[in-house]
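Take a look at the structure set out below.
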């Protein structure tokens, strides 16, 4: 696919990756904005996200209702979201609606109105979403785990924000953040779908403008992980939730590929170790598995389980046994092949839609791996061997952080 990618810069300096494809009549555009959610201080948790969501609440030309009507009339979708290391604007439209859809997308990105009344609506909507998360045992446990592992580092903050921070937000803060950090000419634009590259280049050159903003280099420090920490949070949930996790490597490390496969062995799919042991073997879980995240400055890998309150200690001990076993014993070749096939298969299936293809190309470029990684990814996964898997297991699966949420049962 790399031979089909047109990599160039617009007259304003913005970089674009154009990937024409006639596989369907859909065009997807991803705008990778160099505004990491992790720039937030503790008292600003959630500010980047609420600022981005405000872009769809009216422009200098249209009210929020008029904007929504214009987007929906084209059958187009536009969204903005924040990640730890960047922010993302996305647009998906049919090929015959590309020009008006692009015009609206850049109107939204470059001409937001930040009306105080609309900001208050978004603030209340965000507070409602946070309260909803507080009633979800998985969300509560994940939030607590990240804060426990990353300490005061911003990777440990919820990108949605906290009730105590969002309650204090004012429209002026969003206006200031937008003015200081949103420069459309500094974004990476990735367009995938049925389009004429010359026409898209012409359209982008006509609409993308440059704005002076504050420098963003070096704003995210390396995390100082908190290791060997155990936390229990008493909540009146019907069941308990447990996460046992470890610091992992940043995406720049060569270890990330083996850790990605290691996560699959541990907790992805119904033949993974945690599923077979904790759910099928012991009947402890209604949900169990593992997850891994790699950021520019750090990362983590963790196992999780939802279980009865009285089974939390047993589940914790058995999960720790599985982590210990994979540290001490090499994974058999057959099991390793299953795990690698699972990772590669999920990746290929996720590339069926143009929007996901655009996302992955831009993601790899934005985090410093280069967009060619999207094509190399399956090959790198398949090259992981038992020795490499054993090495990273011994290196990273030590000094766990353990967080449980639910009713404590004294046994």
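The values are calculated or read from the model by the stated rules, or taken from the named source; none is laboratory data. Values in this document were obtained by computation on a predicted structure and should not be read as measured data. Every residue, glycine among them, receives a Cβ derived from its backbone with ideal geometry; neighbour counts consider all protein chains shown.
Going by the structure shown, is residue 347 farther than 22 Å from residue 253 by Cβ and either surrounded by fewer than 21 Cβ atoms within 10 Å (Cβ to Cβ) or touching a residue at least 60 places away in the same chain (Cβ under 8 Å) (or both)? Steps first, answer last, please.
Working: farther than 22 Å from residue 253 by Cβ: no; either surrounded by fewer than 21 Cβ atoms within 10 Å (Cβ to Cβ) or touching a residue at least 60 places away in the same chain (Cβ under 8 Å) (or both): yes.
Against the criterion (farther than 22 Å from residue 253 by Cβ and either surrounded by fewer than 21 Cβ atoms within 10 Å (Cβ to Cβ) or touching a residue at least 60 places away in the same chain (Cβ under 8 Å) (or both)), residue 347 does not qualify.
Inside the stretch 1-60, can you point out the residues that are buried (at least 18 other Cβ atoms within 10 Å of the Cβ) and at positive phi?
If the condition is that a residue be buried (at least 18 other Cβ atoms within 10 Å of the Cβ) and at positive phi, then 46, 58 are the ones that fit.
Counting only residues that are in a helix (DSSP H, G or I) and either buried (at least 21 other Cβ atoms within 10 Å of the Cβ) or in contact (Cβ under 8 Å) with a residue 60 or more places away in the chain (or both), how many does the stretch 368-378 have?
Adding up the residues that qualify gives 2.
State whether the residues of the stretch 379-396 include one that is touching a strand residue (DSSP E or B) at 6+ places or on another chain (Cβ under 9 Å) and not in a helix (DSSP H, G or I).
No - not one qualifying residue is present in the stretch 379-396.
Let me confirm something: among 43, 85, which residue is more than 24 Å from residue 201 (Cβ to Cβ), modelled with pLDDT under 95 and either in the same structural domain as residue 155 (by TED's automatic domain parsing) or under 25 Å from the mean Cα position of the chain (by Cα) (or both)? So that I can check it myself, show each step before the final result.
Numbers: 85 fails: modelled with pLDDT under 95.
Matching residue, one of 43, 85: 43.
Would you mind finding the one in 149, 138 that is surrounded by fewer than 16 Cβ atoms within 10 Å (Cβ to Cβ) and within 26 Å of residue 294 (Cβ to Cβ)?
Working: 149 fails: surrounded by fewer than 16 Cβ atoms within 10 Å (Cβ to Cβ).
The match here is 138.
For every residue, the table says whether it meets (1) part of a strand (DSSP E or B); (2) in the same structural domain as residue 365 (by TED's automatic domain parsing); (3) modelled with pLDDT of 95 or more; (4) surrounded by fewer than 23 Cβ atoms within 10 Å (Cβ to Cβ).
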| site | (1), (2), (3), (4) |
| --- | --- |
| 247 | yes, yes, yes, yes |
| 254 | no, yes, yes, yes |
| 262 | no, yes, yes, no |
| 266 | no, yes, yes, no |
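What do you reckon, is residue 403 buried (at least 19 other Cβ atoms within 10 Å of the Cβ) and either in contact with a helix residue (DSSP H, G or I) (Cβ under 6 Å, 6 or more places away or on another chain) or under 24 Å from residue 266 (Cα atoms) (or both)?
Working: buried (at least 19 other Cβ atoms within 10 Å of the Cβ): yes; either in contact with a helix residue (DSSP H, G or I) (Cβ under 6 Å, 6 or more places away or on another chain) or under 24 Å from residue 266 (Cα atoms) (or both): yes.
It is true that residue 403 is buried (at least 19 other Cβ atoms within 10 Å of the Cβ) and either in contact with a helix residue (DSSP H, G or I) (Cβ under 6 Å, 6 or more places away or on another chain) or under 24 Å from residue 266 (Cα atoms) (or both).
What are the pairs, 6+ residues apart or on separate chains, where a residue within the stretch 212-233 that is within 30 Å of residue 408 (Cα to Cα) has its Cβ under 8 Å from a residue that is modelled with pLDDT under 90 and assigned to a loop (DSSP other than H, G, I, E, B)?
Correct list of pairs: 232/408.
Quick one: is residue 365 under 25 Å from residue 193 (Cα atoms), in the same structural domain as residue 327 (by TED's automatic domain parsing), in contact with a helix residue (DSSP H, G or I) (Cβ under 6 Å, 6 or more places away or on another chain) and part of a helix (DSSP H, G or I)? Steps first, answer last, please.
On the way: under 25 Å from residue 193 (Cα atoms): yes; in the same structural domain as residue 327 (by TED's automatic domain parsing): yes; in contact with a helix residue (DSSP H, G or I) (Cβ under 6 Å, 6 or more places away or on another chain): no; part of a helix (DSSP H, G or I): yes.
Criteria not met by residue 365.
Quick one: is residue 336 in the same structural domain as residue 257 (by TED's automatic domain parsing), at pLDDT 95 or above, within 16 Å of residue 390 (Cβ to Cβ) and in a strand (DSSP E or B)? Even if it seems obvious, please write down each step before you answer.
Numbers: in the same structural domain as residue 257 (by TED's automatic domain parsing): yes; at pLDDT 95 or above: yes; within 16 Å of residue 390 (Cβ to Cβ): yes; in a strand (DSSP E or B): no.
The answer is no for residue 336.
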